[in-house]
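*Asks:* Quick one: structure below, then a few questions.
The values are calculated or read from the model by the stated rules, or taken from the named source; none is laboratory data. Because the structure is predicted, anything quoted here is derived from the model rather than measured. Heads up, the Cβs are rebuilt from the backbone with ideal geometry, glycines too, and the neighbour counts pull from every protein chain shown. These area figures cover heavy atoms from the full protein model, side chains too; ligands, DNA and RNA do not enter into them. Shrake-Rupley method; radii C 1.70, N 1.55, O 1.52, S 1.80 Å.
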Amino acid sequence: MTTLKQPVKYIVITGGVLSGLGKGIASASIGFLLSDRLKIIPIKCDGYLNTDPGTMNPIEHGEVFVLDDGGEVDMDFGHYERFFGVTCKSNWNITMGKIFQSILEKERKGDYLGRTVQYIPHVTDEIKNWIYGIARTEQADLVLVEIGGTVGDMESDLYIEAVRQLRNEVGRENILFIQLTYIPIPSGSMEQKSKPTQQSVKSMNERGLEPDIIIGRCAQLLDEKVKGKISMFCNIEKEAVISGIDVECVYEIPFIYEQEGLSEIIHKKLQIYSPPNCDAWEPLIKRIKRNQAQSAKKVTIAICGKYTALEDSYASIIEALNHCGAQLDLMIEPIWLETTDLETGKISLDQSLHGTHGVIVPGGFGVRGIEGKIAVVQYVRERLVPFLGICYGMQLAVVEFARHVCGLEKAHLREAEAEGVTNIIPVVDLLPSQRKVTRKGASMRLGGHNVIIKPGTRAHDIFGTDCIRRRFRHRYEINPEYVPVLEQHGLVFSGMAESEDIVQILELPGHPFFLGSQFHPELTSKLEEPAPLFFHFIRAAYDYQEKCK
Ligand code: GLN
């Protein structure tokens, strides 16, 4: 028997006043609060003309998040997956690049014959149809549409116009607009100010929309006075003004929204019901908060890379560390080590790694900073400091080992040749499948692949299974020709690709923790279930810290 399904509901989340207020976390938190009984599909609309963020510098745009289906998407998808356990798909990240690409393909095919192709209706129709298509294919109960940028940006105007039209098409009872704004407290006045919010709502009004709910990001809980002002000037009920207070731990945000009555208002306005289920997270969040407040057990982890200037470049790594901290009841302090500074002598290894209990060399590209990273790997290998090498980090661990243990002084990455390094022994080489690749976009070995784990290894102990599935983003691999010599000198290759001869995990027996993975374990780490490689690495770092006392 088929039951009558409710019409699909939509929540559109926009930003006002300024960017960087955490719309991704806000959307993810709403998903967390409502996902108990509803199938929620998140869609992120980005205004840029790149097809996806895969070709952008993470310093500008934050981490490129990789999905199981191989999509390279906005880092907000990391929040969605971590907060409400959804496995996202590549086409849920709409970009203007994708929209125009699709329109231009249709135009060349002749789909618009005889007509002028215009922003309205063609671009807005394309956006709406993209959203409807996902809702239909996924059989969503609720679609969360997050629009990147700030209302008023030229870049997001076509999305705003598309959702304005969407409101009329789906019926006002089926769509809700939430605007995330900023409530400053200027120094001196000590008063929460509503004016920027009022202006940002006016900007929305000019575009034919008004928010149903306003979340005001503020250093404090919003007081009654400011809520009253926002309610009056922005034409919404006072109960629909929600505090989005700054917090240390992002996983707390859904709980704050809940206290402020957000899910109740959403239930009421959209005529849906899904009880928030906070049980799994509550004790973990209590621990994180307690550890932040008191001088708890603490380990210091150095993250060595060249994008350290922007913590967002390593967002998932930081989250994976937070997940381990919550599970192990530890405070984990990440410190950033810019490896180019090691190369120029601006900082020394001893100085920068003093007091560090574990080192992560994360993913990366290009030669800048790699000699510094190789020096870091040698240091931690020789001094028995726990080490986790992720993707590039694992490849560089092989270069270090080949140079200093196997005596292959010229061991290097094939990747370095593109930047003029010559006369190398390529212990890390281009994947055979990459040899014919000429275009840069979406052409790496991407997404989820199975990894077969060798019994009797540390990796097997850690994962407790013969096969795992993890996410990848790379063009190069450990050169199979050098695997025998590396093995003879003690390196163990404990994980291999299922269907190809590609090294996926390596480890060094006899070292307290020296592991590298070609995949990115951080991408699938969850608060309630930390990535096993991170978890065991942090345990080793804690043991090391105890030993150092
Ligand atoms: N640059 C390396 C490669 O393409 C590593 C990539 C990464 O760390 N994600 O294989």
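*Asks:* Provide the percentage of antiparallel DSSP beta bridges, counting only those with both residues in the chain; round to the nearest 5.
*Replies:* Bridges in the chain are about 30 percent antiparallel.
*Asks:* From Cα pairs below 8 angstrom and at least 6 apart in sequence, can you work out the relative contact order of the chain, rounded to a whole percent?
*Replies:* Dividing the mean separation by the residue count of the chain yields 14 percent.
*Asks:* Let me ask something additional. Give the residue from ASN235, ILE390, MET56 lying farthest towards the positive end of the charge dipole for the chain; charges sit on Cβ (+1 for Lys and Arg, -1 for Asp and Glu) and the dipole is referred to the Cα centre.
*Replies:* Going by the Cα projections, it comes out as ASN235.
*Asks:* How far is helix 124-137 tilted, in degrees, relative to the longest principal axis of the Cα atoms in the chain, given as a value from 0 to 90 rounded to the nearest 10?
*Replies:* Between helix and principal axis, roughly 70 degrees.
*Asks:* Another question, then. Mind checking the per residue accessible area of the chain for me, 1.4 Å probe, whole number of Å²?
*Replies:* Value returned for the chain: 42 Å² of accessible area per residue.
*Asks:* Once neighbouring chains are kept in place and the probe is 1.4 Å, which whole percent of the accessible area of the chain is contributed by carbon and sulfur?
*Replies:* Percent of accessible area from carbon and sulfur atoms in the chain: 49.
*Asks:* Please compute the length gained on full extension between ARG172 and GLU382, using 0.36 nm multiplied by the number of residues separating them and subtracting their Cα-Cα distance.
*Replies:* Value of the extension gain: 69.1 nm.
*Asks:* For the pair GLU487 and ALA418, how long in nm is the line joining their label points, each one 7 Å along Cα→Cβ?
*Replies:* 3.0
*Asks:* Could you state the number of Å between the C-alpha centres of segment 408-459 and segment 273-299?
*Replies:* The two parts, judged by their Cα centres, are 39 Å apart.
*Asks:* Let me ask another. Below 23 Å, Cα to Cα, which lysines can LYS269 reach? Residues fewer than 8 away in the same chain don't count.
*Replies:* LYS5, LYS9, LYS23, LYS39, LYS44, LYS128, LYS202, LYS227, LYS229, LYS238
*Asks:* Something else about it: Given contacts defined as C-alpha pairs under 8 Å and at least six residues apart, what's the relative contact order of segment 180-290, whole-number percent?
*Replies:* Reported relative contact order: 20 percent.
*Asks:* I'd like the orientation of helix 195-206 relative to the chain: the angle between its Cα long axis and the longest Cα principal axis, in ° from 0 to 90, rounded to 10.
*Replies:* Compared with the principal axis, the helix lies near 70 degrees.
*Asks:* Express in whole angstrom the spacing between the alpha-carbon centres of segment 309-368 and segment 188-211.
*Replies:* 39
*Asks:* Determine the relative contact order of segment 347-388: mean sequence separation of Cα pairs under 8 Å and six or more apart, normalised by residue count, in whole percent.
*Replies:* Computed over segment 347-388, the figure is 55 percent.
*Asks:* Can you give the extra length, in nm with one decimal, that the chain gains between GLU206 and ASP461 once fully stretched, where that is 0.36 nm per residue apart less the Cα-Cα distance?
*Replies:* Full extension from GLU206 to ASP461 adds 85.8 nm.
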